[in-house]
Amino acid sequence: MRTFILFWNPAISNWKLDDCRSSIDNGDIEDFIWSVWNHKIVQYGDRFFMARCGEGNTGIFASGHFSSIPFSGLTTDSYFF
């Protein structure tokens, strides 16, 4: 099993901090879609850590396992977590 660090910068992402807080508060954070740069080597079950970056607020705020094989998105391959 491999481990990956995924980055989220709220300043440039269409997924905003309020969306994150709302998802966590509602318990909807279990499954979401995220584009992955290293999509050719990520496999089902691999571990990930999600790190917030930018604006001087860098830190890990979530972790989990990839729960799907890659599928083609609009610009990159994506995964369900």
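The values are calculated or read from the model by the stated rules, or taken from the named source; none is laboratory data. Computed from a predicted model, the values in this text were never measured in an experiment. These accessible areas exclude ligands, DNA and RNA; they are computed on the full protein's heavy atoms, side chains included. Shrake-Rupley method; radii C 1.70, N 1.55, O 1.52, S 1.80 Å.
Laid out as a table, the results:
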{"quantity": "Contour minus Cα-Cα distance for ASP25 and ARG47 (0.36 nm per residue)", "calculated": "5.6 nm"}
{"quantity": "Protein-only accessible surface order, largest first, of CYS53, CYS20 at 1.4 Å", "calculated": "CYS53, CYS20"}
